[in-house]
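Taken together, the values in this text are just the output of simple stated rules run on the coordinates, not laboratory data. Everything numeric here is computed off the predicted structure, so don't read it as measured data. Because the Cβ atoms are built from the backbone with ideal geometry, glycine has one as well, and the counts that use them run over all protein chains shown.
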Amino acid sequence: MDEPAEIGRRVQRLRKERGLTQRQLAHPSYTPAYVSTLEAGRVRPSETALHFLAERLGASFEELATGRPARLATELRLGLTDAQRELATGAADEAAVHYRRLLTDAEHLDLGPERAEALLGLGECALETGELDDARRHFEAAERLLGDRPLPRRARAIRGRAVAHLLAGELGYACYLLESTIDELGTSGLADPEALLLLYAAVIGPYIDLGAHARAAHAAELALALAPQVSDPALVAGMHRQVARTLLAEGREADADASLAKAQSIYRQLRLRTDLAHCHWMRGYVQAQNGDLDAAERELRTARDMLTAKRAALYTAQVEVELADVLRRLGRHEEAARLVSALLDLDDRHGAVHAGGAHRLLGLIAEERGDTETAEEHYVRALALLERSGASGDLADLCRLLGDLLRRGGRTEAALDVYRTGLGHRAAPGTTTLGPPPVAPAPRRI
């Protein structure tokens, strides 16, 4: 809201343009003296008073308070809606151009909430295209803009930052961001269902990568309990997609596939292409775990094609690791090696977890071909990458593979050292190094 003097001059100008006296403008809720004092800039009007005066003058509250025609802000909000739809259904880099233009307009009009919304959109675009530093910068800027808003309003920015750290392989810090925000929501009395569902769904992935399966299951249980209180279908679908990961970790493949089917149905109706591609990806993974490799290949290729069309390079690379593993298990080693070898140059941009996964897979392919020296090189490289990320479950499995390889080669002492390393990384079920798990939201009083 502008200074009282600016608002007073604006009210006076509009009153005279409408041919009204101060008494006519004030009637029936205020006095002519109040209008006179307001027009002189000696009092700051309340929002209630400005809404009343705006209605009497045939103007908008925003026009009186800021001098900006309401039409400009409305057009900007419509543009943000269009950009959001473009991100959901088109290419992220094209949506980013739209969001940057809207950010410039919002800065010119000094519209804080709209600036934050444009920055959140730019952050989501950067996540899709794999520009993780840009994503973090956009989400941090949005969070600063929303610094005086209630914590639920900042949940999207915090979740975006956490996902950027997760994709960069910084699992512990991603968990810290999400856990601390969940705890703050729970203890501050701001247990907003949508914000909590967003955060609980986001924390499932890093928990599983850290080997904290009990925590992941607990987060999934809480997210499912919150779902009936949430009206945003895309948010509910995202929750179903993440819950499927915990069901799969518990060996409940049929339940995981059913959860993914629910998410797919919602995403298909909403035409959210990236999220739908993620469901195909997860279903392919579930089918691979069940041994249905042909169906897994079809689902993963569908996901890859959809993400490639969206030019979502980071997610495409991750799907290609999964697809290459299915091809390896189908005996198509050459095809698998070609697919995954192209990902090794992406180490720095795409995070330690996924680069480590690519090296692990190339090690398996080399070992199955009888090239133990190359297999060891890839396993050691993968081990170095995964140690950087703290992905305990993946580290333990990799130590087993490398230890078995060394043992079969007669290098027993070296194998024992690797096995000990794996045991040290195997987290106890349901634990991390982050302290107590997040608090559950307090039950709502009816």
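Values computed for the structure shown
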quantity	calculated
Inter-part distance where segment 110-145 and segment 151-197 are each reduced to a Cα centre, Å	15
Per-residue Cβ neighbour rank within 10 angstrom, fewest leading, 109, 247	109, 247
Rough spin-label spacing in nm, given labels placed 7 Å along Cα→Cβ, for residue 184 and residue 253	4.2
Estimated FRET transfer efficiency when R0 is 56 angstrom, pair residue 55-residue 221 (beta carbons, to 0.05)	0.70
Span per principal axis, largest first, for the Cα atoms of segment 4-67 (Å)	24, 23, 20
Debye log10 I(q)/I(0) for the chain, one point scatterer per Cα, at q = 0.06, 0.10, 0.12, 0.14 Å⁻¹	-0.34, -0.78, -1.03, -1.30
